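Step one of this worksheet: look at the structure below.
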Amino acid sequence: MSGRVGIAVVGCGYVADSYRHCFALHERALRIVGVFDRDADRLAKFTACWGDRAYASLDAVMRDDDVQIVVNLTDPENHAAVTRAAFDAGKHVYSEKPLALTTQEAMALRDHAREAGVRFASAPCNSLGESAQTAWAAVRAGKIGPVRLVYAELDDGMIHRANYQTWISKSGRAWPARGEFETGCTFEHAGYALMILTAMLGPVRRVTSFSAEIIADKKVTPALHTRTPDFSVGMLEFDNGVVARVTNSIVAPYDHRMRLIGDEGCIEIRELWDYASQVVLRPVAQGRFARLMERHLGRGPGRTLRPVRKPPIGGRAHHVRMDFMRGVAELADAIVSGRASRLDEDLAVHITEVTEMLQHPDRFSRPALVQSTFAPIAPMDWAC
Ligand SMILES: NC(=O)c1ccc[n+]([C@@H]2O[C@H](COP(=O)([O-])OP(=O)(O)OC[C@H]3O[C@@H](n4cnc5c(N)ncnc54)[C@H](O)[C@@H]3O)[C@@H](O)[C@H]2O)c1
């Protein structure tokens with residue numbers, strides 16, 4: 001056996017191709033021992049595309065002593081069962097998000113991992129990306145003074161109107177629209193903002209949120225089984241007093257910005273899914289020119305920050321600009337060197353809890369109803 005950490009991929013669907021593509025960046029640390037999908041056709045297509053060894057069953061994965069980490073890339077409904085099977089077999093687990101579909105289940109998984117004496121970490125790992133680290137370094141260096149407020153957007157545009165039928169992964173898996181709609185865009189995407197924010201700011205203490213299903217008919221046949229919010233907006237209050245507004249939707253036009261606002265200015269990460277994203281520093285607009293720029297262009301003067309490290313380049317933009325395998329490599333390195341992982345189970349549970357509060361505020365509190373109302377207001381009678 002080589003010094004590389006042996007991993008097995010369980011779930012060879014759409015995102016597995018992205019992980020597999022990024023594996024090339026981590027070949028010195030990781031070794032893919034084999035892969036498994038309970039859908040035999042999917043497994044055959046994946047192994048034909050990448051040349052990996054196929055396991056005959058989930059049990060076979062769990063019995064293989066060469067496997068140290070199970071990379072759980074199943075769909076969210078199946079995460080917990082596969083993760084538990086791996087713990088029972090003494091394997092460490094790196095799970096795709098959401099860790100589980102409820103906080104209670106995520107906590108139970110964390111306890112299970114501890115009882116089994118194994119490590120447990122979760123995607124997304126974009127907090128380890130160059131753009132997030134560049135922004136964080138600038139915050140630590142005091143470039144904007146103390147952070148007071150954050151706006152983070154994960155709006156994806158009207159996905160149900162996009163030609164997602166043409167989104168096919170390298171091994172031929174169509175983007176699983178039904179599953180994505182049923183799981184909900186907040187459960188799918190809030191982690192991309194929360195991972196960065198919690199790394200920089202620490203734990204969240206209070207969440208005040210609203211969610212709604214804005215577009216009930218997503219033109220999926222047969223109709224979706226569950227009604228899931230496709231929009232959420234939440235205010236997070238961190239232990240350290242910082243306040244953040246996090247918005248998720250598959251309705252509003254595409255916007256994946258994060259703006260960190262401090263006493264002395266604002267740091268903007270243009271695209272949270274891009275490790276090579278531009279990170280811009282803008283001082284507080286004070287003078288007349290800067291204020292006019294903000295007013296007419298929507299942004300004041302700023303300068304692009306030099307990345308703390310050059311992101312890996314090559315391959316198709318989407319995959320390499322977000323290195324999916326970096327989180328697995330982080331867990332492997334933490335195991336080998338006996339250190340804490342930057343994506344460990346306490347953090348993963350915390351992200352799951354905050355995400356559940358964002359997507360399903362009704363599970364946690366009831367909104368107050370407004371008592372007052374008023375008569376309809378007539379428009380001005382000007383001809384168009
Ligand atoms: N689709 C994306 O763009 C994307 C991006 C980032 C993260 N993710 C996350 O990755 C995960 C997987 O998403 P996906 O888009 O690849 O879904 P997918 O439906 O394409 O793939 C999931 C695969 O897991 C397999 N599977 C389910 N249960 C299994 C089990 N018990 N044993 C073995 N195989 C099993 C299914 O047969 C399927 O092939 C989700 O948690 C999702 O949130 C998806």
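The values are calculated or read from the model by the stated rules, or taken from the named source; none is laboratory data. These numbers were taken from a predicted model, which means no experiment stands behind them. Heads up, the Cβs are rebuilt from the backbone with ideal geometry, glycines too, and the neighbour counts pull from every protein chain shown.
For region 197-217, the candidate set comprises residues that are part of a helix (DSSP H, G or I) and either of a type in the set (Asp, Glu) or touching a helix residue (DSSP H, G or I) at 6+ places or on another chain (Cβ under 8 Å) (or both); within that set, the residue that is surrounded by the fewest Cβ atoms within 10 Å (Cβ to Cβ) is Ala199. Here Cys12 passes the criteria (1) within 9 Å of the ligand (Cβ to nearest atom); (2) surrounded by fewer than 21 Cβ atoms within 10 Å (Cβ to Cβ) except the one numbered (2). Candidates are the residues of region 331-353 that are of a type in the set (A, V, I, L, M, F, W, C), in contact with a helix residue (DSSP H, G or I) (Cβ under 6 Å, 6 or more places away or on another chain) and part of a helix (DSSP H, G or I); the one that is surrounded by the fewest Cβ atoms within 10 Å (Cβ to Cβ) is Val349.
Conditions tested, residue by residue: (1) more than 21 Å from the chain's Cα centre (by Cα); (2) of a type in the set (S, T, N, Q); (3) closer than 26 Å to Leu73 by Cα.
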| residue | (1), (2), (3) |
| --- | --- |
| Ile144 | yes, no, no |
| Met158 | no, no, yes |
| Trp175 | no, no, yes |
| Phe181 | no, no, yes |
| Ala190 | no, no, yes |
| Gly202 | no, no, no |
| His225 | yes, no, yes |
| Ser232 | no, yes, yes |
| Asp239 | yes, no, no |
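When region 110-126 is filtered for residues that are within 16 Å of the ligand (Cβ to nearest atom) and not in a loop (DSSP other than H, G, I, E, B), the ones remaining, listed by number, are Phe120, Ala121, Ser122, Asn126.
Listed here are the residues, each with its yes/no results for (1) more than 20 Å from Lys97 (Cβ to Cβ); (2) in contact (Cβ under 8 Å) with a residue 12 or more places away in the chain; (3) surrounded by fewer than 17 Cβ atoms within 10 Å (Cβ to Cβ).
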| position | (1), (2), (3) |
| --- | --- |
| Ile7 | no, yes, no |
| Ala40 | yes, no, yes |
| Asp52 | yes, yes, no |
| Ala60 | yes, yes, yes |
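Looking across region 56-109, not a single residue is near the ligand (Cβ under 8 Å from one of its atoms), assigned to a loop (DSSP other than H, G, I, E, B) and farther than 23 Å from Thr186 by Cβ.
Determine if region 114-135 includes at least one residue that is buried (at least 19 other Cβ atoms within 10 Å of the Cβ) and without any contact (Cβ under 8 Å) to a residue 60 or more places away in the chain. Yes, that holds for at least one residue.
Of the residues that make up region 363-379, is at least one over 17 Å from the mean Cα position of the chain (by Cα), without any contact (Cβ under 8 Å) to a residue 12 or more places away in the chain, surrounded by fewer than 21 Cβ atoms within 10 Å (Cβ to Cβ) and part of a helix (DSSP H, G or I)? Taking every residue of region 363-379 in turn, at least one turns out to be over 17 Å from the mean Cα position of the chain (by Cα), without any contact (Cβ under 8 Å) to a residue 12 or more places away in the chain, surrounded by fewer than 21 Cβ atoms within 10 Å (Cβ to Cβ) and part of a helix (DSSP H, G or I).
Any residue in region 174-186 that is over 22 Å from Pro361 (Cα atoms), assigned by TED's automatic domain parsing to the domain that holds Ala135 and part of a strand (DSSP E or B)? Write out each step before concluding.
Pass one, region 174-186, residues over 22 Å from Pro361 (Cα atoms): 174-178.
Now restrict to residues that are assigned by TED's automatic domain parsing to the domain that holds Ala135: 174-178.
Subsequent filtering for residues that are part of a strand (DSSP E or B) retains 174.
For region 174-186, residues over 22 Å from Pro361 (Cα atoms), assigned by TED's automatic domain parsing to the domain that holds Ala135 and part of a strand (DSSP E or B): present.
Restricting the search to strands (runs of 3 or more DSSP E) fully inside region 218-290 and requiring at least 2 residues that are hydroxyl-bearing (Ser, Thr, Tyr) gives 243-249.
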